[in-house]
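For reference, the structure discussed in these notes is given below.
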Amino acid sequence: MLDHNTESGLGARHRLSDHSTSPMTPHTSLHRREFLVGSSLTLAGACLGAAAPETRLRIGFSGLKHGHVYAVMKLAAADPRVTIAAIADDDEQNRKEGERISGIPVKYANYHQMLEAEPLDVVVVAEEYGRRGEAAIAALEAGKHVFSDKPLCTHGEELERIAKVAAAKHLEVHVDFSLRHFWAKGAELLQQGEIGEIVGCSFAGPHSLSYERRPKWYFVPGMHGGIINDLMGHGVDFVQWITRRPYVEVLSGARAKVGFPQQPEFETTGDAMFQLQGGAPIFGHVDYFSPAGHPGGWKCNVVGTKGDAVFGDQGGFTLRPSGAAERHLDAKGLRAESPHPFKDFIALLTEGKAPLRTTAESLHVSQATLLAQAAAESGRSHVPFPALAYPLPAKAG
């Protein structure tokens with residue numbers, strides 16, 4: 001069994017060097033010495049014909065409350081760099097599905113039991129939205145890296161605690177936002193200045209509610225946390241990436257509980273207006289009214305000083321530079337080499353490979369959606385972003 005209190009093996013590979021940063025300075029890649037230690041262990045395993053079990057990351061799953069988690073579980077089960085060591089969930093049907101996919105018994109009813117009993121390196125959080133923050137905090141306080149389904153949490157106080165503990169303990173916290181991976185090739189062209197400075201963006205993410213298939217906890221008061229915090233993170237994250245600028249203010253937010261008489265208190269539409277550093281306005285819309293039987297998906301319109309661009313899950317990418325011919329990439333041609341945020345996360349921890357999205361960015365985007373949700377609920381406008389203990393670097397992206 002792996003000894004997490006030594007400087008050899010995996011413990012050295014994902015712990016920061018004492019000389020790398022101050023306790024409150026976030027890191028985005030592993031120290032070179034730790035990477036070399038990990039590489040040596042991997043090579044030794046290869047020479048023996050297979051990776052030695054003690055060199056693998058030990059992963060525990062806290063909750064199986066949303067279907068997104070099973071995609072992560074399948075990736076983990078197929079990855080030779082990791083071992084699914086434990087799963088915790090209190091729902092019988094979820095436990096059966098987790099056992100079927102992972103091939104191991106679900107021995108724990110909750111993350112408290114799992115963290116107390118298992119020597120883990122990583123905790124994947126997929127509890128009900130309203131319980132994710134507490135699970136992530138518990139994992140971090142126990143010294144574990146965290147990969148979370150979105151949203152990471154539903155309260156600003158939870159996010160502040162997550163950022164503080166992650167920074168103090170030099171731990172990674174990544175959130176499963178996906179558009180960077182889906183639209184990467186088009187984003188690269190914008191980052192290279194193909195349409196000049198980006199001066200505005202609008203995006204929309206219509207979703208199908210599929211009420212009959214939704215988990216019942218979705219509609220329990222306090223468990224969902226609001227439509228903006230639930231859905232808007234994908235678009236907020238993508239815009240931050242292509243502009244390389246942080247958000248500095250939530251200009252306004254709005255939400256509505258309409259068109260869904262089965263659950264009249266459930267939010268079905270949400271809008272938010274943000275401002276980036278430098279002044280560019282960003283508008284986002286999300287809803288649960290994507291029509292059944294028709295293709296939906298995300299769309300993003302980008303305006304630059306020298307052209308514009310449109311991204312779409314169905315339509316791909318169209319670039320219109322001023323004075324030059326229009327260019328188009330289909331949706332498949334936009335994909336990043338890295339297929340999923342979880343694969344990025346594991347590559348960072350095991351190889352020191354820079355991810356498409358850092359911990360600081362995951363926390364910043366989570367803060368943006370939490371502030372926008374709160375603005376929509378309170379009616380406040382021009383809400384500034386408080387400093388987090390795990391801030392973005394001076395030049396984001």
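Bear in mind that the values in this text are calculations on the coordinates, not laboratory data. Every value quoted in this text rests on a predicted model; they were computed, and no experiment measured them. Reconstructed Cβ throughout: ideal geometry from the backbone, glycine too, with neighbour counts over all protein chains shown.
So the values come out like this:
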read-out: In Å, descending, principal axis extents of the Cα set of the range 121-226; value: 45, 42, 23
read-out: Sites His68 and Thr305, calculated FRET efficiency, Cβ-Cβ separation with R0 30 Å, nearest 0.05; value: 0.20
read-out: MRE, 222 nm, helices only [DSSP H, n ≥ 4, -39500 (n - 2.57), over the chain, to nearest 500]; value: -10000 deg cm²/dmol
read-out: Straight-distance crosslink candidates among lysines, where the alpha carbon sits under 29 Å from Lys107 and sequence neighbours closer than 8 are dropped; value: Lys65, Lys74, Lys96, Lys144, Lys150, Lys169, Lys216, Lys343
read-out: The range 81-124: GluC sites (Glu not before Pro) falling in loop per DSSP and having at most 14 other Cβ within 10 Å; value: none
read-out: Stretchable slack from Gln263 to Glu326, in nm (0.36 nm times residue separation minus alpha-carbon distance); value: 18.1 nm
read-out: Karplus-derived 3J(HN,Hα), 6.51/-1.76/1.60, for each residue of the range 78-84, Hz, glycine and proline x; value: 9, 9, x, 7, 9, 10, 6
read-out: Computed E for Ala347/Glu141 - FRET, C-beta separation, R0 30 angstrom, nearest 0.05; value: 0.75
read-out: Share, in percent, of DSSP beta bridges within the chain that are antiparallel, nearest 5; value: 60
